[in-house]
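Engineer: There's a structure below that I have some questions on.
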Amino acid sequence: MPTGTSAHVSARVNAFSYAIRNIVAEARKVEAAGRKVQYLNIGDPIQFGFRTPPHLIEAVDRAMRDGHNGYVASAGIAPARLAVADEYTRRGMPVDPERVVITQGTSEGIELALSVLADPGDEVLVPTPTYPLYTAVLAKIGAKAVPYRTDPDREWQPDIDDIRRKTTSLTRAIVVIDPNNPTGAVYPEATRRALINFAEEAGVTILADEVYGDLGFDGPAPLIGSLAPDAPIISFSSLSKAYLAPGWRTGWLVVGRSPRLDDVLAGIRKMADGRLCSAGPMQYAVAPALDGDRSHQREFAAALKARAEVTTRRLSAIPGMSCVMPKAAFYAMPRVELPEGRTDQDFVLGLLRSQGILCVYGSGFGMPTDQGYFRVVFLAPP
Ligand SMILES: Cc1ncc(COP(=O)(O)O)c(C=O)c1O
């Protein structure tokens, strides 16, 4: 490469976007100009003073001191996989530890599953709004994210008719984020059954993102797979949210017991070999997390419920603003009436520059840019 010529950058970089972090560059400029910024853009409870349960830290500390600092099996250490399988079995989705893979957070599970399920040109149904990693990974592997509607007038529930309309012979999977980021929705059983029926009829795999399952304000949400343990479901979760350890990058994916998923499981395990393993010492916290004291979850969920109520009430009291009350997790998706010709990005950047408050524009989650949606993280003290 001649001096002064830039190295080639692949076209997929242009297709890849992750607004939650991209927008931070704008916030840094505002800070450089001397204004303090409140970061309400990223769902990290640790940054707002919540603490990882001590028994999990002790488990990782002990693992390191006991010398567990080498590579581990690519699918994860046996006690972690067993604890995940037991947890799913207890919660009504019986599964063998052989069908569990310990991953670098939910994120790596998502990437592994999509990479195995979809070829370039294949289609995956993704909710709108969506957690943006799904569209980003699909862009990276050259598959097509096909957006399906969730309805703010029905507490952000999926529109099953829209899902059916958008399904083609190329549809390989449907992403179901329940409880949901960015809307805070938890789907009722009838909706979940309708999604399962759809998947069975259409022959597509459900990718069930259940990372907020234990953070329902009225108690843990059931696993989607508990309604139909033989349906083609791959579930993802992690220690990041409900166990307050997002920086550990430790999670799991569970391939449901349906024999239709046997080849997919083999594909996931084959791909997982290539990255050797997820961080070893952290895996020693999985069994203590799932089998041990969970009292922190009740306190955390109660704190979140109080924040959700303040957020929704105060936002809805502002003229021109509306907000559906979240039922889980730490996100709300309010809507502001935009003046003609303005976009959600204009609003979010204006709020950042004039008030020093950083939210993420709804179009970062796939919403049309003229609808005025934006996401607020309500982890900060009320
Ligand atoms: C819906 C959803 N899925 C996955 C993730 C990624 O989580 P993890 O830290 O487990 O990779 C997040 C993080 O915000 C999320 O909101």
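Engineer: Pull up the range 250-270, narrow it to residues that are in a loop (DSSP other than H, G, I, E, B) and open to solvent by less than 10 Å² (accessible area, probe 1.4 Å), then point me to the one that is nearest to the ligand (Cβ to nearest atom). Steps first, please.
Structural biologist: Taking the range 250-270 and keeping what is in a loop (DSSP other than H, G, I, E, B), we get 250, 256-258.
Retained after the next criterion (residues that are open to solvent by less than 10 Å² (accessible area, probe 1.4 Å)): 250, 256, 258.
Details: Thr250: 8, Gly256: 18, Ser258: 23 Å.
By that ranking, first place goes to Thr250.
Engineer: Looking at this structure, is Ile77 touching a residue at least 12 places away in the same chain (Cβ under 8 Å) and farther than 22 Å from Arg260 by Cα?
Structural biologist: Working: touching a residue at least 12 places away in the same chain (Cβ under 8 Å): yes; farther than 22 Å from Arg260 by Cα: yes.
Criteria met by Ile77.
Engineer: Sticking with this one: If you take the residues of the range 117-144 that are away from the ligand (no atom under 16 Å from the Cβ) and crowded, with 22+ Cβ neighbours inside 10 Å, which of them is farthest from Phe236 (Cα to Cα)?
Structural biologist: Initially, the range 117-144 is screened for residues away from the ligand (no atom under 16 Å from the Cβ), giving 117-123, 139, 141-144.
Now drop any that are not crowded, with 22+ Cβ neighbours inside 10 Å, which leaves 118, 143.
Values: Ala118: 17, Ala143: 20 Å.
Here the answer is Ala143.
Engineer: Answer with yes or no whether Gly247 is within 12 Å of the ligand (Cβ to nearest atom), in a helix (DSSP H, G or I) and either open to solvent by 10 Å² or more (accessible area, probe 1.4 Å) or under 23 Å from Gln297 (Cβ atoms) (or both).
Structural biologist: Working: within 12 Å of the ligand (Cβ to nearest atom): yes; in a helix (DSSP H, G or I): yes; either open to solvent by 10 Å² or more (accessible area, probe 1.4 Å) or under 23 Å from Gln297 (Cβ atoms) (or both): yes.
Taking the combined requirement at face value, the residue satisfies it.
Engineer: Looking only at the range 360-377, count every residue that is surrounded by 23 or more Cβ atoms within 10 Å (Cβ to Cβ) and in a loop (DSSP other than H, G, I, E, B) and tell me the total.
Structural biologist: Total satisfying the criteria: 2.
Engineer: For the list (1) surrounded by fewer than 17 Cβ atoms within 10 Å (Cβ to Cβ); (2) touching a Pro at 6+ places or on another chain (Cβ under 9 Å), I need the number of the one condition that Tyr71 fails.
Structural biologist: Of the numbered conditions (1) surrounded by fewer than 17 Cβ atoms within 10 Å (Cβ to Cβ); (2) touching a Pro at 6+ places or on another chain (Cβ under 9 Å), the odd one out for Tyr71 is (2).
Engineer: Right, next: Only one of these conditions is not met by Asp273: (1) crowded, with 18+ Cβ neighbours inside 10 Å; (2) over 18 Å from Gly184 (Cα atoms). Which number is it?
Structural biologist: (1)
Engineer: Going by the structure shown, is Ala303 open to solvent by 10 Å² or more (accessible area, probe 1.4 Å), more than 16 Å from the ligand (Cβ to nearest atom) and under 19 Å from Leu379 (Cα atoms)? Give the derivation first.
Structural biologist: Details: open to solvent by 10 Å² or more (accessible area, probe 1.4 Å): yes; more than 16 Å from the ligand (Cβ to nearest atom): yes; under 19 Å from Leu379 (Cα atoms): yes.
Spelling it out, Ala303 is indeed open to solvent by 10 Å² or more (accessible area, probe 1.4 Å), more than 16 Å from the ligand (Cβ to nearest atom) and under 19 Å from Leu379 (Cα atoms).
Engineer: Which condition from (1) touching a strand residue (DSSP E or B) at 6+ places or on another chain (Cβ under 6 Å); (2) open to solvent by 40 Å² or more (accessible area, probe 1.4 Å) is the one that Asp96 breaks?
Structural biologist: Going through (1) touching a strand residue (DSSP E or B) at 6+ places or on another chain (Cβ under 6 Å); (2) open to solvent by 40 Å² or more (accessible area, probe 1.4 Å) one by one, Asp96 breaks only (1).
Engineer: So how many residues does the range 310-338 have that are in contact (Cβ under 8 Å) with a residue 60 or more places away in the chain, open to solvent by less than 60 Å² (accessible area, probe 1.4 Å) and in a loop (DSSP other than H, G, I, E, B)? Before you say what the answer is, go through the steps one by one.
Structural biologist: Looking only at the range 310-338, we keep the residues that are in contact (Cβ under 8 Å) with a residue 60 or more places away in the chain, and these are 310-311, 315, 324-333, 335.
With the extra rule that they be open to solvent by less than 60 Å² (accessible area, probe 1.4 Å), the set shrinks to 310-311, 315, 324, 326, 328-333.
Retained after the next criterion (residues that are in a loop (DSSP other than H, G, I, E, B)): 324, 326, 329-330, 333.
Final tally of qualifying residues: 5.
Engineer: Right, here's the next one. Please determine whether any residue of the range 93-115 is at positive phi, more than 16 Å from the ligand (Cβ to nearest atom) and not hydrophobic (A, V, I, L, M, F, W, C).
Structural biologist: Going through the range 93-115, the residues at positive phi turn out to be 105.
The next check asks that each one be more than 16 Å from the ligand (Cβ to nearest atom); those that pass are none.
Taking every residue of the range 93-115 in turn, none turns out to be at positive phi, more than 16 Å from the ligand (Cβ to nearest atom) and not hydrophobic (A, V, I, L, M, F, W, C).
The values are calculated or read from the model by the stated rules, or taken from the named source; none is laboratory data. As the structure is a prediction and not an experimental result, all values here were calculated from the model. When we count neighbours, we look across all protein chains shown, and the Cβ atoms used for this are built from the backbone with ideal geometry, even at glycine. For accessibility, only protein heavy atoms count, side chains too; no ligands or nucleic acids. Shrake-Rupley method; radii C 1.70, N 1.55, O 1.52, S 1.80 Å.
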